[in-house]
Structure formats: C-alpha cells, structure tokens
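Student: Can you keep this structure in mind? I'll have questions shortly.
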Amino acid sequence: GELYTVKVQDERAYRLAKARGVASDVTGEAQMKSPMPGLIVAVPVSEGQHVEKGDKVIILESMKMENELRAPKAGIVARISVEAGASVEKDQVLAVIVDEEEE
C-alpha cells in the first residue's frame, strides 16, 4: 500500500481562506482535473517543466468560453494526459504536478 498525508479543513475555514486569497497548502502530487466537459485549446507547458502556483497549464474551451486552468501549486509538471484538440470529460485527469523533490 501507499501512505498518504491528508489535510482536512472545514467549509467555513476554507471559505474564509479563499475570500482572503489564501489557498490551502497543496503538497505531494496535485492532479489537475477538468472542471467540465470541453475541448483542449492549448497546453502551454510541457512535461518536466517547472511551474509556479497560478501559472497557466491548460486552456479548455467549454460552452464557447475559454477557461484557463492554473497550477494549484509550484512544482514540476510530471505528466500531461491531453493535447490540443482533444475532447475531455468532467473530472478527467489532465495533468499532474509534483513537488520538485518527487520528480
């Protein structure tokens, strides 16, 4: 088996942190999932590339609107599962970002 560390935050604390612009700490592997079905317009990063929190990782078009999916944490892009022109479903894993030490 694998050992995972989980950080639990109640909804009130999460909403307060979000309103203040303070994101919760994301450690370890961060899977970027599609928030909605759509079409991948662009993937401006490549595997092995370092990204900072908030960098554009994938541009998804849904309902004729482009949505920029941004890195939830700083780290290395370990895997990109899609390419431009691909159709994706909601909750499909699009990319994985890991801590620099885990690469």
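Student: Comparing Pro72, Pro44, Pro35, which has the greatest mean-square fluctuation in the GNM of the chain with Cα pairs linked when under 10 Å apart?
Tutor: Result for the chain, Cα springs under 10 Å: Pro44 fluctuates most.
Student: A further question follows. With +1 on the Cβ of every Lys and Arg and -1 on the Cβ of every Asp and Glu, and nothing else charged, how large is the dipole of the chain about its Cα centre, in debye rounded to the nearest 20?
Tutor: Taking the Cα centre of the chain as origin, the dipole is about 620 debye.
Student: So, one more: Could you give me the ³J(HN,Hα) list for the stretch 75-83, computed from phi with Karplus coefficients 6.51, -1.76, 1.60 and θ = phi - 60°, whole Hz, x at Gly and Pro?
Tutor: With the stated coefficients, the stretch 75-83 comes to x, 10, 6, 7, 8, 10, 9, 9, 9 Hz.
Student: Set the Förster radius R0 to 35 Å, insert the Cβ-Cβ distance between Asp10 and Arg79 as r into 1/(1 + (r/R0)^6), and round the FRET efficiency to 0.05.
Tutor: So the FRET efficiency works out to roughly 0.65.
Student: So what is the relative contact order for the chain, in percent, with contacts set as C-alpha pairs under 8 Å and at least six apart?
Tutor: This gives 31 percent for the chain.
Student: On a C-alpha basis, how far is the centre of the stretch 83-103 from the centre of the stretch 27-80 in Å? Whole number, if you could?
Tutor: 6 Å
Student: Between Leu3 and Glu101, what's the calculated FRET efficiency when r is the beta-carbon distance and R0 is 22 Å? Round to 0.05.
Tutor: Once the sixth-power term is evaluated, E becomes 0.85.
Student: Which cross-chain or sequence-distant (5 or more) residues have an amide H under 5 Å from the amide H of Gly28, H modelled 1.01 Å from N in plane?
Tutor: Counting only residues 5 or more places away or on other chains, the set is Asp99.
Student: Now for a different question. Which of Ala42, Ala13, Ala74 ends up with the largest GNM mean-square fluctuation for the chain, with Cα atoms connected below 10 Å?
Tutor: Largest GNM mean-square fluctuation: Ala13.
Student: Determine ³J(HN,Hα), in whole Hz, for all residues of the stretch 32-47 in sequence, where each value follows from phi through the Karplus function 6.51 cos²θ - 1.76 cosθ + 1.60 and θ = phi - 60°; x replaces Gly and Pro.
Tutor: 9, 10, 5, x, 6, x, x, 10, 6, 8, 7, 10, x, 10, 10, 4
Student: Report the net charge of residues surrounding Lys33, where surrounding means a beta-carbon distance below 9 angstrom and charges are Lys +1, Arg +1, Asp -1, Glu -1.
Tutor: 0
Student: Mind computing the radius of gyration and Dmax over the alpha-carbon atoms of the chain? Å is fine for both.
Tutor: Answer for the chain, Rg first and Dmax second: 14.5, 43 Å.
Student: Right, next: For the pair Val93/His50, report the inter-label distance in nm, with labels modelled 7 Å from Cα in the Cβ direction.
Tutor: 2.5 nm
Student: Among the lysines, which have Cα under 20 Å from the Cα of Lys73 when same-chain residues fewer than 8 positions away are ignored?
Tutor: Lys7, Lys18, Lys33, Lys53, Lys56
Student: Which of these, Glu83, Glu61, Glu11, has the largest mean-square fluctuation under a Gaussian network model of the chain (Cα springs below 10 Å)?
Tutor: In the Gaussian network model the winner is Glu11.
Student: What stretch of the chain, leaving out the sites themselves, is the longest with no trypsin sites (Lys or Arg not before Pro) in a DSSP loop having at most 13 other Cβ atoms within 10 Å?
Tutor: Within the chain, the longest run free of exposed trypsin sites (Lys or Arg not before Pro) spans 21-63.
Student: Net charge around Ser81, counting only other residues with Cβ within less than 15 Å of its Cβ (Lys, Arg = +1; Asp, Glu = -1)?
Tutor: Its environment carries a net charge of -2.
Student: Tell me which of Ile76, Gly1, Val41 sits at the most positive position along the dipole axis of the chain, charges placed on C-beta atoms (Lys, Arg +1; Asp, Glu -1).
Tutor: Val41
Just so you know, all these numbers are worked out from the coordinates, no wet-lab data involved. Predicted model, so just to flag it, every value in this text is computed and none were measured. Glycine also receives a Cβ, built like all others from the backbone with ideal geometry; neighbour counts cover every protein chain displayed.
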